[in-house]
Every structure is written in C-alpha cells, then in structure tokens.
1. Taking only the stretch 149-200 into account, find how many residues are under 21 Å from H96 (Cα atoms) and without any contact (Cβ under 8 Å) to a residue 60 or more places away in the chain.
2. Out of the residues in the stretch 28-58 that are assigned to a loop (DSSP other than H, G, I, E, B) and of a type in the set (D, E), which is nearest to the ligand (Cβ to nearest atom)?
3. Please determine, by comparing only the residues of the stretch 86-111 that are over 16 Å from the mean Cα position of the chain (by Cα) and either β-branched (V, I, T) or not in a loop (DSSP other than H, G, I, E, B) (or both), which one is surrounded by the most Cβ atoms within 10 Å (Cβ to Cβ).
4. Could you check the stretch 22-39 and list, in sequence order, the residues that are touching a helix residue (DSSP H, G or I) at 6+ places or on another chain (Cβ under 8 Å) and either surrounded by 12 or more Cβ atoms within 10 Å (Cβ to Cβ) or modelled with pLDDT of 95 or more (or both)?
5. Would you point out the residue of the stretch 182-192, among those that are touching a helix residue (DSSP H, G or I) at 6+ places or on another chain (Cβ under 7 Å) and not basic (K, R), that is surrounded by the most Cβ atoms within 10 Å (Cβ to Cβ)?
6. Under 7 Å between Cβ atoms, at least 6 apart or on separate chains: pull out the pairs that start in the stretch 15-27 with a residue that is within 8 Å of the ligand (Cβ to nearest atom) and end on any residue that is in a loop (DSSP other than H, G, I, E, B) and among the small types (G, A, S).
7. Exactly one condition in (1) among the aliphatic types (A, V, I, L, M); (2) within 13 Å of the ligand (Cβ to nearest atom); (3) buried (at least 20 other Cβ atoms within 10 Å of the Cβ) is false for I132; which is it?
8. When you scan the stretch 68-81, do you find a residue that is crowded, with 16+ Cβ neighbours inside 10 Å, within 12 Å of the ligand (Cβ to nearest atom), of a type in the set (S, T, N, Q) and in a helix (DSSP H, G or I), even just one?
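The values are calculated or read from the model by the stated rules, or taken from the named source; none is laboratory data. None of these values were measured; they are calculated from a predicted model. Quick reminder, even Gly has a Cβ in these numbers, built from the backbone with ideal geometry, and neighbours come from all protein chains shown.
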Amino acid sequence: MLGTDLMTAAREKGHAVLGLDQPAIDIGDYNNIWRHIPPCDWIINCAAYTNVDRAETHPAEAFSVNSEGALNVALVALRKKVRLLHISTDYVFDGHRRRPYSEKIHPNPINVYGASKLAGEKNIRGSGCSYIIVRTQSLFGLHGHNFVKAILNQISKGERELKVVMDQISSPTYTAHLAQGLLKLLEAPDRQILHLSATGSCSWYDFARAIVEEVHANAQVIPIPSSDIRRHAKRPAFSVLDNRTCEALTGYTMPTWEQGLREYLKGEKLTS
Ligand SMILES: NC(=O)c1ccc[n+]([C@@H]2O[C@H](COP(=O)([O-])OP(=O)(O)OC[C@H]3O[C@@H](n4cnc5c(N)ncnc54)[C@H](OP(=O)(O)O)[C@@H]3O)[C@@H](O)[C@H]2O)c1
C-alpha cells in the first residue's frame, strides 16, 4: 500500500525508482536482496509482515520479516554503501499516554507485531548502516486493505449499523501524503528515528463517522469499546505521534487526516 504510493510520488519528483516486491524479492534472504539491489542512493524498506492479529499466533513469521528481514536490508545497505529509509510503527508504544509520543519516549510494545517491528529498529540501529527510521500509523491508501475500504464495503453491502471502536485514538494517515513527507526526509541527517503521521487525531469511531458523512451514506455509526471485539492482538489505546522533529527538519507539515480522507475518496472515485 505505502510502497506503491511512494513509487508514484518519487517518480513525480524526478527520481529514478525500482520497485521490488514478493515474490521477486524476499527480505528474509540476504543473498536475494544483495542480487536485486542495483547501485543507488537510497533503499526505502516498506516491506513488512503487517497482519497484526495473525502475528500473535505466528510470531516466528512476523519476526523473520520485521526483525531479521530488516537486518538483512540494513546489512545490504551497509555493504553497498546505500542509505536506508525504513518504515516502522506507532505499535512499538504501549498506548498508556494521553499526549502525543515524541521520539524520546521509551517504546514498550503490547503485541507481537509491535515487538517484531521494534526488534527490526534495534537491528537496523546496530547494523552500522546509514539509516533513517520513520514511525507512522493507521495507514490508508488506494493500493491496499485498510479501514476506509472496509467501511465503504460495509456501506455498499447495505449495512445500516456500523459498530466501530471508540477507545483507540490515532492519526489516520493517507499513504500518498505520507509518501510526500518521506521524500522530504531524504535530505535529512541520518542515524535517527522520526515520527511522521497525519496532523490531528481521532478514534476509529470518529473516523468512520467522517467517512459516512463524506460519502453521504444512509448508515449509523455506533460506538463500541474494543473489549466488544474479539481479536488476537491488543492495540494501544492512544498512539498519536508527535511530528515536530520531522517538521523542524523539513519545514513540511503533514495534511490533516480529514484532508487525507477527502483525497483518498477522490482517488477511489477515479479508480472505481
Ligand atoms: N498499515 C498500517 O496501518 C501501518 C501502520 C504503521 C506502520 N506501518 C508500516 O508501514 C510499512 C508499509 O505498510 P503497508 O500498510 O503499506 O503494508 P502492506 O500493504 O502490507 O505492504 C507490505 C508489503 O511487504 C511485502 N512483504 C511481506 N513479506 C516480505 C518479504 N519477506 N520480502 C519482501 N516483501 C515482503 C508484502 O507482500 P505480500 O502482500 O505478498 O505479503 C507487501 O507487499 C510497513 O513497514 C508497516 O509495518 C503500516
């Protein structure tokens, strides 16, 4: 989802881009990555094991991609003398705060996915490569499964009552906007972890209501506590990220989640 939008944004800015995905490349295999990466300035690693609930029952698979895979990419970057921009997640935090998480706050993941992504961050930092790690969150984009698509699907099936959790707060981030922000970081000094997500925050319930309003759907959104949904993985209750370090480095303020939603819906109309 993010990788596709990032390639489009990078090409629009005049970069020469090579996009690699499974099965052509497997980041679990160092030699495979080595063979596929041509001489270049940057590797941007958007590859990850992203199924948060499945990771609880398949931790070895999650760690093999998100931790060992990240290390393999970092070691190739180091030996090819290429800088690495790696994408990580708000799920490295436990969500117990009520103020946005700056890069200085100590991570404490509460699920396997978060733990595997944090292990990946540590591996990259220890690898000796030139890296920037960007933590982001709650992505929605035109090229992948996401919350907006799930709500639109329920609406199109004629569902009139949509039950959505109201006790998880984040900043839903449109991947095309994130791609613009990431490209601005290519000029930033390396060896740092940065936070980048949409401006503003909301619960999934608020977000669902905004979707219903934007598409003028005849549906009611009903707030429910996350304890009402049986899911394998726990989610942080509050994982809003503080973007100020990125803003200071790039002079770029991310658009709001509402702007992201409107842009996304325009794109959905064009592609549907
Ligand atoms: N989605 C979110 O809400 C969110 C939030 C915070 C951070 N992030 C992070 O943002 C990044 C991009 O996420 P996304 O939502 O765009 O994810 P995505 O759509 O699931 O894309 C991840 C890609 O990685 C590929 N992949 C999985 N294992 C691989 C391997 N061993 N070798 C090579 N490629 C492999 C997947 O291929 P298959 O489809 O074939 O498995 C998929 O194309 C990830 O690092 C993710 O952890 C995402």
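1. 3
2. Residue satisfying both the conditions and the ranking: D29.
3. Once the filter is applied, the top-ranked residue is I110.
4. Scanning the stretch 22-39 gives I25, D26, I27, G28, D29, Y30, I33, W34, I37, P39.
5. Ranking the qualifying residues of the stretch 182-192, first place goes to L182.
6. I27/A47
7. Single failed check for I132: (2).
8. yes
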